[in-house]
Each structure stands twice: as structure tokens, then as C-alpha cells.
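Scroll down for the structure; my scribbles are underneath it.
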Amino acid sequence: METCQTKTYQIDDLQVIPEKQGADHYVKISYPFRYGRFSEIKSGNYTFQFNLNGEIKSIQGRGIGWLDAAEWLKRTAGNDWVYFAAGGYTGAFDFTGEYYVPCLPYDSNGIFGHNRFDSPEVTGAFELWDNLRLRLNDLETSRLPAAVADFVQRVVDMDDEALDLRAQMLHDIIGGPVSVLPPDTRHVEYDVIPLNIADGCLYNCGFCRVKSGHGFKLRKKGDINQQLHDLRDLYNKDLSNYHSLFLGQHDALFAGADLIEFAAIQAFEVLEFDRSFMKAPKLFLFGSVDALLRAEDTLFARINALPFESFINIGLESADPETLKQIEKPLSRDKILQAFNKMMDVNRRFPKVEVTANFLYGADLPDTHLPSILELTRNSLPHFHSKGAIYLSPLENIGPIPEVKTRFFDLKSLCRLPVFFYLIQRL
Ligand code: SF4
């Protein structure tokens with residue numbers, strides 16, 4: 001697990017490492033850890049890391065001028081910067097299942113951390129990044145070793161315009177931005193390649209802020225193949241740092257066994273996951289209650305046989321009829337109960353498949369909502385199960401934070417399944 005580095009080159013005050021290796025497995029660890037293969041430049045108190053295409057990947061400071069040596073900034077393939085926060089509050093792991101909370105510049109995980117993007121430290125780090133780029137641009141590379149000169153050129157080529165363009169290309173390939181990733185993608189630090197096998201969803205629920213507003217529609221196999229080949233070209237050299245796939249959009253489970261299996265196997269081959277530096281590939285998808293209920297054993301057997309560990313996240317939202325009515329989710333309590341029981345059954349019988357569930361959390365929901373979650377996750381289970389995480393998905397108004405924490409821990413201590421808050425992240 002040790003980070004392994006090759007050669008370091010000193011260019012004035014810059015320490016340049018064109019090739020460096022982090023861990024090849026994602027781990028849950030309470031200090032900053034890097035994964036995959038990357039390049040690095042150290043300048044003063046700051047470390048800048050780059051993916052194999054030369055795109056800036058992370059910025060981390062230490063000492064004076066930085067917030068916390070255990071925290072860092074990471075850029076996503078969708079060209080969002082995410083601040084990975086660790087300190088300042090306790091119990092991040094209890095709340096989220098992770099030691100770090102990704103805080104985004106848009107409204108997202110505000111319960112857990114402050115928006116750091118307005119802080120002088122983060123603003124200063126971005127200014128240093130701009131300065132470093134200017135220096136690299138002016139660097140006389142002809143006398144540098146080829147590995148360093150090539151790396152510097154890659155970084156110079158990936159200017160703001162190129163990074164914007166690449167994010168736009170990603171969205172164009174799959175047919176739009178990923179408005180939300182499944183909560184389970186936290187297991188791979190949200191490092192997934194998105195592939196859309198269907199668009200829209202079945203219910204178009206009133207409360208939902210991420211819906212496309214369109215009905216459910218399958219993609220054709222030719223379209224899926226085209227996306228994969230374009231994605232392979234786009235990720236290019238950095239493809240070897242990926243081994244996990246998100247099958248979108250909001251209800252890939254409803255696409256059925258044939259299309260899921262086709263897309264997963266094609267992706268494994270075209271995106272060369274078997275040759276990835278990262279080990280233990282993972283597959284993530286969302287599913288609706290109806291998709292779960294209509295799925296036969298053969299579907300789960302086929303997913304279980306894929307060369308992935310798979311996570312299927314189902315939006316149950318509530319088992320309380322009054323809440324379902326209020327949030328305008330067109331499902332009955334009976335269907336929610338059936339879906340929950342099926343989730344537990346699949347989790348028992350298919351070792352490489354984990355079905356997880358989302359329930360809403362909000363201050364304006366009826367008093368009968370949280371007890372309805374407990375009825376399923378405590379009263380219907382004779383003992384604790386480690387498989388089948390329950391995610392609480394925060395609505396806009398969650399109420400006072402101290403109250404949220406108390407209610408969360410009350411629920412968590414009573415539930416017989418792991419319970420976490422859903423950390424919303426787009427791509
Ligand atoms: S919660 Fe799921 S099913 Fe409902 S509108 Fe949003 S994406 Fe569609």
C-alpha cells in the first residue's frame with residue numbers, strides 16, 4: 001500500500017516526479033491517501049498531482065497558508081473541484097461511512113462541513129496553481145530529461161480551456177452531465193466512468209431535484225458501444241487508473257438483465273478494466289422499486305457472475321403513506337415493503353451484489369416518516385446485517401444541525417442495517 005515513486009527532478013525550487021504510484025485498492029483510511037498512477041510537482045508547501053493525461057487532479061497544502069494537512073482539493077472528470085474535508089467536526093465516519101467528506105462548490109453536503117471554496121486558503125491554493133502553470137509555460141524544456149519535458153508539456157496543454165472542453169466532451173458522449181452518482185460510489189472515491197444505458201425514470205416524483213423530467217427510455221446497443229469507444233479515447237492514458245463503472249441514468253436496473261450484462265461486459269473489455277492498475281472492479285447503478293420487484297433471480301445471478309462487485313441503489317424514500325403522498329412518489333407502502341424484503345433477500349443470496357436503499361430526511365416530512373423506516377430496518381429484522389446500507393438523502397430543509405445529529409444517531413443505533421447520510425456528488 002505504500003506510495004512508490006520513481007525519480008525526482010529538481011527544477012529551481014520545484015520538485016518534479018513524472019511517474020508515481022499510489023495504492024491499487026481503495027481503502028477507508030483516516031489520512032490522505034492517493035490511488036493509481038500519477039505525476040507530481042511540489043512547490044513550497046503545496047503538492048500538485050496530475051493524472052496520466054497531464055490534467056490537474058489534486059492540490060494539497062500543509063503548514064502556514066493551508067487549512068488542514070489532512071485535507072485536499074480534488075478535480076473530477078466533470079471538471080468540478082471537490083474539497084475533501086476531514087477535521088472541524090467529529091463523527092464523519094459514523095455519518096458517511098468515510099473518513100473524508102467531499103464538499104462541493106455547489107449546494108451539496110452542507111450538513112457536514114463548511115463551504116471552503118470562499119476561504120482565503122482555497123483561493124490562495126488556486127492562485128498558486130495559476131502561477132505554477134505560468135511558470136511551466138515559460139519553462140525552457142529542451143535541456144530537461146525527456147520524461148520531465150513530456151510531462152510538463154502535457155500539463156501546459158491541459159489549460160483551463162482544455163479541461164472545460166474535456167468535461168463538455170464527457171457530457172456530450174453520454175448525453176448530458178450525471179446529476180447525481182449513487183451513494184455507494186463512495187467506495188471508490190467517486191472515481192467511476194459513467195455509461196448511460198437508459199434515460200429518464202419511471203416516476204418523476206414531485207420532490208426530486210435530479211430528475212430529467214423525461215420518461216424511461218432504453219439506449220440501443222450500438223449507442224452503448226459508441227459511448228464506450230468515445231470514452232476510451234477521452235480517458236486515453238488515464239484509463240488505466242479506472243476500474244469502476246456507473247451505469248446510468250436514474251434506473252439502469254429497469255433496463256433488464258440483457259442490456260445490463262451487455263453494457264457491463266462490453267465496458268470491461270473496451271475500457272480495459274482487466275488491465276487497470278486498480279484492482280477489484282466495481283459496478284454501480286440505480287434502480288426503482290418497480291425494477292427491483294419485477295427482476296427475476298436470473299437477473300441477479302447474471303449480475304453476480306459479472307467480473308465486478310455490484311452495488312444497486314434503490315430509492316425507497318419512505319414506508320409511510322402520508323410521506324409518500326407529500327413527496328409525490330407514486331408508490332404504495334405495500335410496494336415499498338415488498339421492495340425492502342426483496343433487497344434483503346438478494347443481499348442474502350448473491351455474494352457479489354449489494355442492494356442498498358435511500359430514504360429521505362427532511363424537517364418538513366410527517367412525524368410518521370422516521371418510525372416507518374425503523375419499522376423496516378429494525379422491527380422486521382431479527383439481527384444486524386452488514387450488507388444493505390441505508391442512506392438518508394437530505395431534502396432542502398433538514399432543520400437545525402444539532403437536532404439532525406441527534407435524530408440520526410437515534411436512528412442509527414436502532415437500525416439493524418448500516419445507516420449513513422447520502423453524500424450527493426455529480427459528475
Ligand atoms: S427519485 Fe428517482 S424515480 Fe423519482 S423522479 Fe427522482 S430519479 Fe426519478
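Counting other Cβ atoms within 10 Å, keep those with at most 12, restrict to DSSP loop, and tell me which chymotrypsin sites (Phe, Trp or Tyr not before Pro) in the stretch 36-83 are left.
Taking the stretch 36-83 and a limit of 12 other Cβ atoms within 10 Å, no loop chymotrypsin sites (Phe, Trp or Tyr not before Pro) are found.
Determine, at each q value in 0.07, 0.12, 0.13, 0.16 (inverse angstroms), the log₁₀ of I(q)/I(0) that the Debye formula gives when each Cα of the stretch 162-421 is one equal point scatterer.
At q = 0.07, 0.12, 0.13, 0.16 Å⁻¹ the computed log10 ratios are -0.24, -0.72, -0.84, -1.21.
Give me the tail of P(r) for the stretch 245-383 as a percent: Cα-Cα pairs with distance above 23 Å.
Value for the stretch 245-383 (Cα pairs over 23 Å): 39 percent.
Quick one: check the C-alpha center-to-center distance for the stretch 264-292 versus the stretch 200-217, whole angstrom.
23
Given a Förster distance of 41 angstrom, what is the FRET efficiency for Gln153 paired with Phe117, based on the Cβ-Cβ distance and rounded to 0.05? Provide the component values of the computation, followed by the final result.
Numbers: r = 30 Å, r/R0 = 0.73.
Computed FRET efficiency for Gln153 and Phe117: 0.85.
For a quick check, take a GNM of the chain with Cα springs below 10 Å and name the residue from Tyr190, Tyr31, Tyr242 with the largest mean-square fluctuation.
Per the Cα network of the chain with a 10 Å cutoff, Tyr31 tops the list.
Place a label point 7 angstrom from the Cα of Asp345 along the Cα-to-Cβ direction, then list the residues of the stretch 365-387 whose backbone nitrogen is under 17 Å away.
380-382
How large, in percent, is the carbon and sulfur part of the accessible surface of the chain at a probe radius of 1.4 Å?
Details: 9000 of 18080 Å².
The nonpolar share, carbon plus sulfur, comes to 50 percent.
Go ahead and run the numbers for FRET between Val27 and Ala305, Cβ-Cβ distance against an R0 of 41 Å, rounding to 0.05.
Details: r = 26 Å, r/R0 = 0.64.
Here the calculated transfer efficiency is 0.95.
Which longest uninterrupted range of the chain lacks any GluC sites (Glu not before Pro) assigned by DSSP to a loop state (not H, G, I, E or B) and surrounded by at most 11 other Cβ atoms within 10 Å? Don't skip to the end; give the middle numbers.
Details: sites that count: Glu2, Glu140, Glu296, Glu396.
The answer is 141-295.
So if we plug the beta-carbon distance of Ser380 and Glu322 into 1/(1 + (r/R0)^6) with R0 = 30 Å, what FRET efficiency do we get, rounded to 0.05?
Efficiency, from the Cβ-Cβ distance: 0.90.
Considering only protein heavy atoms, what per residue accessible area in square angstrom results for the chain with a 1.4 angstrom probe?
Here the per-residue accessible area is 42 Å².
By how many nm would the segment from Tyr9 to Glu161 lengthen if fully extended, with 0.36 nm per residue of separation less the alpha-carbon distance?
Length gained, Tyr9 through Glu161: 51.9 nm.
With a length cut of 18 Å (Cα positions projected on each helix's long axis) and a Kyte-Doolittle mean of at least -1.0, go through the chain and give me the DSSP H helices that pass. Walk me through the numbers before you get to the answer.
Numbers: long enough: 120-138 (27 Å, -0.51); 160-174 (22 Å, 0.05); 221-235 (21 Å, -1.23); 256-270 (21 Å, 1.03); 333-349 (24 Å, -1.05); 401-414 (20 Å, -0.04).
In the chain, the long hydrophobic H runs are 120-138, 160-174, 256-270, 401-414.
What number, rounded to the nearest 500 deg cm²/dmol, is the helix-based mean residue ellipticity at 222 nm of the chain, given -39500 (n - 2.57) per DSSP H run of at least four residues and division by all its residues?
Value at 222 nm, helices only, nearest 500: -10000 deg cm²/dmol.
What is the spin-label model distance, in nm, from Asp68 to Glu272 if the labels are put 7 Å beyond Cα along the C-beta direction?
Label at Asp68, label at Glu272, 3.8 nm between them.
The values are calculated or read from the model by the stated rules, or taken from the named source; none is laboratory data. Here the structure is a predicted model, which is why all the values come from computation and not from measurement. For neighbour counting, all protein chains shown are included, and Cβ atoms are generated from backbone atoms with ideal geometry for every residue, glycine included. Each accessible area value is taken on the protein alone, full model and side chains, heavy atoms only, with ligands, DNA and RNA left out. Shrake-Rupley method; radii C 1.70, N 1.55, O 1.52, S 1.80 Å.
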